[in-house]
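In what follows, a single structure is set out as structure tokens and then discussed.
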Amino acid sequence: MTSSPAPVSVALLTLGCARNDVDSEELAGRLAADGFTLVDDPEDADTVVVNTCGFVDAAKKDSIDTLLAASDLKETGRPQAVVAVGCLAERYGEELAASLPEADAVLGFDDYQDISGRLRSILAGEKPHAHTPRDRRLLLPITPTERPAAASQVSVPGHAGDVAIPGRPAIRKRLDGGPMAPLKLASGCDRRCTFCAIPMFRGSFVSRRPSDVLQEAAWLAEQGVRELFLVSENSTSYGKDLGDLGLLETLLPELTAIDGIERVRVSYLQPAETRPGLVRAIATTPGVAPYFDLSFQHASATVLRRMRRFGDPDSFLGLLDQVRALAPDAGVRSNVIVGFPGETEEEFQTLCDFLEAARMDVTGVFGYSDEDGTEAEKLPGKLDDDEINARVQHLNDLVSELTSQRAEDRIGSTVEVLVEEVDPDGTGDGTVEGRAAEQGPEVDGTTRVLGVPDARVGDFVRAVVVASDGVDLIAEPAEGQR
């Protein structure tokens, strides 16, 4: 009789975006199914797996710092091994392993399907060869509609079980018991923005089948999830490789119909691909948050062309007019890059003027920095760091004022708040904290509702906004909610 492997404990530490959160929960599901014990504290783990982010310099530094901190625990604590996975590991592989000998292994996406076997061999003293990076765009056919047949032969994180027998439970284990959960629509990206390396290590765009998305959504609802946060590198492309570019419009009402799901939120929309039918679906479908996460990146037409993107202030403002004609109180957020190679003072002013006119709820401001292997790395007209930092500071100051004004504009409006924390200050005064429909998780503001002592995490509280604090809102229960 063959004995089962001895129980092994593992802590999963996740850096980066909500897409990485889904990937970590896939890894957790695989490990739990193979007998690993999941623990929260790295000091209680036999092995620590760090799901890294490889997007921008600050995120890379955070990932390396986390790997080093976990490795330090091996000297005095329980961990026997620290393993790097995720985007930084996939992108740099052998280079990361050579520069970071403190990590016991650097694994790529292709290792995810046998992650438990990889960890057991590492704990047994084996030193696996570090992942060798490759351009993952080359792993699937160029023609999107030819990809579904080939996708089963390629490891696509967050799509575990998509080619399994229908009805099979999700290969996923929740690491966060909160009432919101990210749910992957797709992975990869076919756009060729000159500043972005993501397609090289995440690969070409691959949609999940609607049946798989719905199955996982139903499973999440069974785990107590009330809000689904649909994530991908480009949600506006969903369905193009399945032969139906309008698939998201038909999927949204099916998701809201799942028992237990009260709100569905869509993230990461490309402005140039945001068609009127999708705007209408997000703005008017009951149960879908009227929330538009629009990746503008800049407003100057000339800068956008150098970024290999499309648009200008008039087209972007026209898109926002479409949104607000259907949903006047819609939430709008975006990110912009400042100091892109060749950005003139006039082009920078065009961006500032656009943001003043756009009246968005949240705008993330990033200073340009070269990304390895991207076209922008070789563009002429690089601005020096002092100039980029000055422009970032100027725009951050402007955005802070604009978003505070936008929050003030919401005073007097009625909001539906998903409660994510009860008594956040420990005062017992009946205050709860959560997010209204116009507030996305983690990256946007929050809403505090005063005087709802019976509310629980996961409840939706109807409230009236009475004040604001920066981008955050303060509200009181609406009539009938008390």
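The values are calculated or read from the model by the stated rules, or taken from the named source; none is laboratory data. Remember, predicted model here, so these are calculated numbers, not experimental data. Backbone-built Cβ (ideal geometry, glycine too); neighbour counts: all protein chains shown. We work out accessible area using only protein heavy atoms, side chains counted, and drop any ligands, DNA or RNA first. Shrake-Rupley method; radii C 1.70, N 1.55, O 1.52, S 1.80 Å.
Relative to the globular-protein estimate of 2.2 N^0.38 Å, the Cα radius of gyration of region 325-442 stands at 1.38.
Counting 0.36 nm for each residue step from GLU401 to VAL443 and taking away their Cα separation leaves a gain of 13.4 nm. In summary, the helical segments of the chain meeting the span-like criteria, namely a full DSSP H run, a Cα extent along the axis of 15 angstrom or more and a mean Kyte-Doolittle hydropathy of at least -0.5, are 57-76, 210-222, 313-326, 345-358.
Distance from the alpha carbon centroid of region 199-230 to that of region 338-370 works out to 32 angstrom.
Were the residues from ALA58 through ALA467 laid out at 0.36 nm apart, the gain over their Cα-Cα distance would be 143.9 nm. Region 291-334 gives an Rg/Rh value of 1.02, both radii derived from C-alpha positions and Rh following Kirkwood.
Computing Rg and Dmax of the Cα atoms in Å for the structure here picks out one of (i) 23.8, 74; (ii) 30.7, 117; (iii) 22.8, 76, namely (iii). Across region 262-321, counting alpha-carbon atoms alone, Rg and Dmax equal 12.8, 42 Å. Cysteines of the chain lacking any other cysteine Cβ under 4.7 Å from their own Cβ: CYS17, CYS53, CYS87, CYS189, CYS352. Computed log10 I(q)/I(0) for region 287-376 at 0.11, 0.15, 0.20, 0.26 Å⁻¹: -0.32, -0.58, -0.94, -1.41, from the Debye equation with unit scatterers placed on every C-alpha and solvent omitted. Rounded to the nearest 20 debye, the dipole size of the chain about its Cα centre is 1760 debye, using +1 on the Cβ of Lys and Arg and -1 on the Cβ of Asp and Glu. Would you please state which residues of region 13-31 a label at ALA69 would reach in this model, taking the label point 7 Å out along Cα→Cβ and a backbone N cut-off of under 18 Å? Residues passing the 18 Å test: 13-17, 21. Ordered from longest to shortest, the equivalent ellipsoid semi-axes for region 400-447 are 21, 12, 11 Å, each the square root of 5 times a Cα gyration tensor eigenvalue. Label-to-label distance for GLU254 and LEU317 is 4.0 nm, based on points extended 7 Å past Cα in the beta-carbon direction. Measuring nothing but protein heavy atoms, the accessible surface of the chain at 1.4 Å probe radius is 50 percent carbon and sulfur. When the Cα centres of region 448-475 and region 29-97 are compared, how far apart do they sit, in Å? Answer, in whole Å: 36.
Per residue, the convex hull spanned by the alpha carbons of region 380-474 comes to 124 Å³. Excluding ligands, DNA and RNA, the accessible surface per residue across region 399-442 is 43 Å² with a 1.4 Å probe. A dipole drawn for the chain from +1 and -1 charges on Cβ atoms has a positive end, and of HIS394, GLY239, ILE64 the residue lying farthest that way is GLY239. Applying 1/(1 + (r/R0)^6) with R0 = 30 Å to the Cβ-Cβ distance of GLU126 and ASP41 gives a FRET efficiency near 0.70.
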